[in-house]
Amino acid sequence: MAQDTTAPTLDFKYWLDKAVEWGQATTLETQKDVCLHLPQLQEFLQQTYETLKHMNSIVAIQQFPLIGQLLGRLCWNPFVIGYDESQKTLMWCLCCLYSSEPQNPVELKANSWIRSLLCHLLSSSKWESNEAETTTFISALGYTSADYYCHLVENMVSSLVTELRGNQFNGLTVQGRVPASRVNAVSLFCLPLITLPDITPLLETLLLYHGGAPKEILSSQFLEAVNDAFLKKKISLSESAVFSLWLRHLPSLENTTLHVLDQLVSIQMNSLEEVTCVIKDSFLPQAASHPAIFRIVNEIFKNALLETDGTPEVMTIIQVFTQLFVQVHQNENKQHKFPLKAYFPHHHQPLVIALLRRPFELPATHWSQHLTHISDMLKALVEDTNISSSDLLEIWFLVACFGEWLDIAAEQLLKTAVEPDALLWLLAFYYCPQNENLQRIQTMAEARAVYNHLMMLFNTTTLSVRDLQAAVNYITDTEQRYTQHLITHLLTNFLLLSSSGHMIAQEFISHITETTDISKEVRSLLIRTAYRINQNGKENQKTVKLLNELLQKLNV
């Protein structure tokens, strides 16, 4: 039996035959044969792992149908698991076969089998050489086998956490105590066990661990798997662990941001409270207190906005995220707060400071003055003849993030006696940032005409839909989307703010959404207005009632 020592590369049948022949190596002859083949077997297992790590579990089992039987038998051979790094390589191979998203009972059963093998490998000791002795030992401790392995996992996690935390003192790394390779191996070991509640302390310790190595020492598979489980709410992690995950693995941050966008765009938004809840639960606003995370998330949002041609849903999501980020930043301890320039390094800082002021921080009587100040700064920046199109886009996106001020600008035009040019220009820039072929000038002129018409009708006691038809014509006659949206903004506010507008609001909304394709824009405006009223709590109940009726009508 000890004569044949040459094994073909990745010949699973050869090694399975050997594993069956060896059994648990209970005779002297089989023990000698196992020992003779151990170096080759370890090389085979290493090659197997290098192949498996580039496959998903389904493909691996399809390509190597004998692999489960082989690994299962080798895990119970004490000579195999006691040799050099064979035990670790077996665990890695098993991790590759684990289904992160089991689709059927067979895959669920396979995952359970893999977990039991991993627990066995971790618990291998002198007791494991004799099953009867093991059972007696477990019974003597007062445990069933299930209890024993549960406590074993807890103790193992506690031991590894202590080992990793002991490598750091007051936040500083103590060099040389835990090799980077061992930390990487621990992260790989966690792969099939990530969703087990007992493993969470180890996951957090790994995510917060910094070993001083120039490269990332945690497995990228581990980082991806943890983020995926977190997104699907299969695990709970502390904020600090999540922030560390995103800082050390940017693809996870990108996936989370896109996941939140997809989640919110795919549902029909009924209120900004819903949007706020989803974004808060994602930890993105809290994590954005770190400038690197903020800038990456903002860049992803900007690209999403451009790719969707500025849809109201995406714009609303970005504006809610920005509001939540500002809240977090303002509430931070001054000692730990980053300067604003770290978040907006390439922007005109006085403009950033003005936009960051929350409306409730100023008396309502000062809003028009504040908006005029913002408009004047913007105008000076964007009408600079040396400005590039990319710089213009960056300025526009900055303004778009703080859309609450733009909604207030549209309200101030109708509610207070203001010089309208500055506020109209601000809205025209928001809806039409490019000025090719004098588009913004044309948009401004049409918006001014509609504004003048609405102001003439504002105090009219009786009003009909026909009275507003001239304004509607600007929407139906123009091919410029930005002009349509700006005029829609003014018309919607007119219906909400004028007493005569209240009386025809439902009829007018039905008319305008039937004759034009702006229902999404109107709905988004109504949702934002309802949210702001709820936040301030100062508007009359008639407006609140009307908003709810209009939203209900648009939802049908």
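Residues being open to solvent by 20 Å² or more (accessible area, probe 1.4 Å) and in a loop (DSSP other than H, G, I, E, B): count how many of those fall in segment 12-25.
2
Test of understanding: among Ser236, Ser252, which residue is among the polar types (S, T, N, Q), open to solvent by 30 Å² or more (accessible area, probe 1.4 Å) and out of contact with any strand residue (DSSP E or B) (no Cβ under 6 Å at 6 or more places or on another chain)?
It is Ser236.
Leu406 fails exactly one of the following numbered conditions: (1) part of a helix (DSSP H, G or I); (2) surrounded by fewer than 20 Cβ atoms within 10 Å (Cβ to Cβ). What is the number of that condition?
Here Leu406 meets the rest and fails (2).
Select from segment 409-429 the residues that are assigned to a helix (DSSP H, G or I) and not aliphatic (A, V, I, L, M) and write down the one among them that is most open to solvent (accessible area, probe 1.4 Å).
By that ranking, first place goes to Lys415.
How many residues, within segment 194-228, are at pLDDT 90 or above, in a helix (DSSP H, G or I) and among the hydrophobic types (A, V, I, L, M, F, W, C)?
The number of residues fulfilling the criteria is 8.
Given Val242, Val278, Val260, which one is closer than 24 Å to Phe301 by Cβ and free of Cβ contacts under 8 Å to residues at least 24 places away in the same chain?
When all the criteria are applied, what remains is Val278.
Specify the residue that is surrounded by the fewest Cβ atoms within 10 Å (Cβ to Cβ); the eligible residues are those in segment 489-532 that are among the hydroxyl-bearing types (Ser, Thr, Tyr) and not in a helix (DSSP H, G or I).
Once the filter is applied, the top-ranked residue is Thr516.
Spot the failing condition for Tyr83; the list is (1) surrounded by 18 or more Cβ atoms within 10 Å (Cβ to Cβ); (2) closer than 21 Å to Arg182 by Cβ; (3) at pLDDT below 80, and only one is missed.
Unmet condition: (1).
Against the definition (of a type in the set (Asp, Glu), surrounded by fewer than 16 Cβ atoms within 10 Å (Cβ to Cβ), out of contact with any helix residue (DSSP H, G or I) (no Cβ under 7 Å at 6 or more places or on another chain) and under 27 Å from Ile194 (Cα atoms)), how does Glu50 come out, yes or no?
Answer is yes for this residue.
Hey, does segment 358-379 have a residue that's open to solvent by 50 Å² or more (accessible area, probe 1.4 Å), polar (S, T, N, Q) and either assigned to a loop (DSSP other than H, G, I, E, B) or within 24 Å of Leu272 (Cβ to Cβ) (or both)?
No, there is no match, as no residue in segment 358-379 is open to solvent by 50 Å² or more (accessible area, probe 1.4 Å), polar (S, T, N, Q) and either assigned to a loop (DSSP other than H, G, I, E, B) or within 24 Å of Leu272 (Cβ to Cβ) (or both).
Looking at segment 302-313, I want the residues that are surrounded by fewer than 18 Cβ atoms within 10 Å (Cβ to Cβ) and have a partner that is modelled with pLDDT of 85 or more and not small (Gly, Ala, Ser) with Cβ atoms under 6 Å, at least 6 apart or on another chain. Which pairs are those?
Thr308/Val314
Between residues in segment 100-112 that are under 21 Å from Phe230 (Cα atoms) and open to solvent by 50 Å² or more (accessible area, probe 1.4 Å) and residues that are at pLDDT below 85 and of a type outside the set (Gly, Ala, Ser), which pairs lie under 6 Å by C-beta distance while being six or more apart or on different chains?
So the pair list comes out as Leu108/Pro102.
The values are calculated or read from the model by the stated rules, or taken from the named source; none is laboratory data. Because the structure is predicted, anything quoted here is derived from the model rather than measured. Neighbour counts run over all protein chains shown; Cβ positions are idealised from the backbone, glycine included. We work out accessible area using only protein heavy atoms, side chains counted, and drop any ligands, DNA or RNA first. Shrake-Rupley method; radii C 1.70, N 1.55, O 1.52, S 1.80 Å.
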